[in-house]
Amino acid sequence: MSYKVGYLGPAATFTHLAVTKFFEEHAEHVPFLTIPQCMDAAAEGRIDLAVVPLENALEGSVNLTIDYLVHEQPLSIIGEIVAPIQQHLMVHPSREDSWEDAERVYSHSHAIAQCHKFLHHQLPKAKYEYATSTGAAAKYIQEHPEENIAVVANELAAEEYNLKIVRKNIHDYTHNHTRFAVLHPNQHTYIKTKLKKITDRTTLMITLPSDQSGALHQVLSAFSWRKLNLSKIESRPMKTGLGNYFFIIDIDMKMDEVLIPGAMAELEALGCSVRTLGTYSAYSI
Ligand SMILES: O=C(O)C(=O)Cc1ccccc1
């Protein structure tokens, strides 16, 4: 079967690269300009699956993805793709010899954040401007050669949009990986790939009862005494007022019939609300 897979586009974003490697020829690729547009299309059945960035090793969560999943479009995470990220600095070919005079650096906020040290030292006067994706930034300078802009993006974007790479591997730290989420309206959806599986995961959203001392400690102990290994815990604002947060927790195993449901029941008995955002396998490129 061939899936219709939506992704954060346009062509040659890191998300597009992840989709190409994960699905090979078994998918029709459909680019979307923004993460919410891509997720809406999956929720409305216009595409079969949505692939969007979830978390970067250097910059942390892609808040737009987590917040849209939690507050707007309750899709399930049914798979994860982990990809190494290499950032390059590129310009329109007409500016190859004068790239150090660039007035602006244009890219996805995470891409700029991953290259802060480089940009601070090599382009100290340039202003940062944020695009919806690295690919969108690359496409923009192809279409606007008159603007004195440098872009941070990947090798494929330089090829796709005919740009000149002037500095390679400008990310500040070498272990630069990104997790991409494969999303579908229904949790029980099977996807196939030839990529290597690295782990299983279950992602939960937990809201603590307000003003209860020691609540987070009790939540963590529900996982700890069951020996459920957590690989991530992060708080995000509830958007209901200052000081109201929920937690995103990743457990290093798939939903079972005993341990995770037992932990969830214990949390609910403590007054927490618990939602499963997904139970899935993670694959590496
Ligand atoms: O903008 C892109 O190309 C994306 O796919 C999002 C992203 C941005 C920076 C690092 C990894 C993924």
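Values in this text are rule-based calculations from the coordinates and carry no lab data. Since we're looking at a predicted model, the values are computed, not measured. We place every Cβ from the backbone using ideal geometry, glycine too, and count neighbours over all the protein chains shown.
In nm, to one decimal, how far is the residue 211 label point from the residue 253 one, both placed 7 Å along Cα→Cβ?
With each label placed 7 Å out from Cα toward Cβ, I get 3.8 nm.
Run the reach check for residue 192 against aspartates and glutamates, Cα to Cα strictly under 14 Å, same-chain hits fewer than 8 apart removed. What comes back?
Leaving aside aspartates and glutamates fewer than 8 places away in the same chain, those within reach of residue 192 are 24, 25, 48, 80.
Under 19 Å from the Cα of residue 232, which lysines turn up, not counting those fewer than eight places away in the same chain?
Qualifying lysines at Cα under 19 Å: 197, 254.
Given labels modelled 7 Å from the Cα in the Cβ direction, how far is it in nm from residue 196 to residue 130?
Result: 3.5 nm between the two label points.
Could you sort 110-120, 7-17 so that the peptide with the highest average Cβ count within 10 Å comes first and the rest follow in order?
Highest mean packing first, the order is 7-17, 110-120.
What aspartates and glutamates does residue 117 reach when the alpha-carbon gap must be under 14 Å and sequence neighbours fewer than 8 apart in one chain are set aside?
Residue 117 reaches 59, 172.
If you count, for each residue, the other Cβ atoms within 10 Å and average over each peptide, how do 129-137, 249-257 line up from highest to lowest? Walk me through the intermediate numbers first.
Details: 129-137: 23.4, 249-257: 16.2.
Packing order, densest peptide first, comes out as 129-137, 249-257.
With a cut-off of at most 14 other beta carbons within 10 Å, and DSSP calling the residue loop, which trypsin sites (Lys or Arg not before Pro) in the range 1-70 qualify? Please list them. Working shown, then result.
Details: sites: 4, 21, 46; in loops: 46.
In loop regions of the range 1-70 (DSSP not H, G, I, E or B), the sparsely surrounded trypsin sites (Lys or Arg not before Pro) are 46.
Provide the gained length on full extension for the span residue 2 to residue 104, in nm with one decimal, where the gain is 0.36 nm per separating residue minus the Cα-Cα distance. Write down the numbers at each step before the final one.
Numbers: separation 102, 0.36 × 102 = 36.72 nm, distance 4.10 nm.
Result: 32.6 nm gained on full extension.
Starting from the Cα-Cα distance between residue 172 and residue 242, subtract it from 0.36 nm times their residue separation and give me the gain in nm to one decimal.
21.9 nm
Calculate how steeply helix 134-143 sits against the longest principal axis of the alpha-carbon atoms of the chain, using the helix alpha-carbon long axis, and give the answer as 0 to 90 degrees to the nearest 10.
Compared with the principal axis, the helix lies near 20 degrees.
Report Rg(Cα)/(2.2 N^0.38 Å) for the range 1-120, keeping two decimals.
1.19
Output the Kirkwood hydrodynamic radius of the range 25-76, Cα pairs only, in Å rounded to one decimal.
Mean inverse Cα-Cα distance, inverted, gives 11.8 Å.
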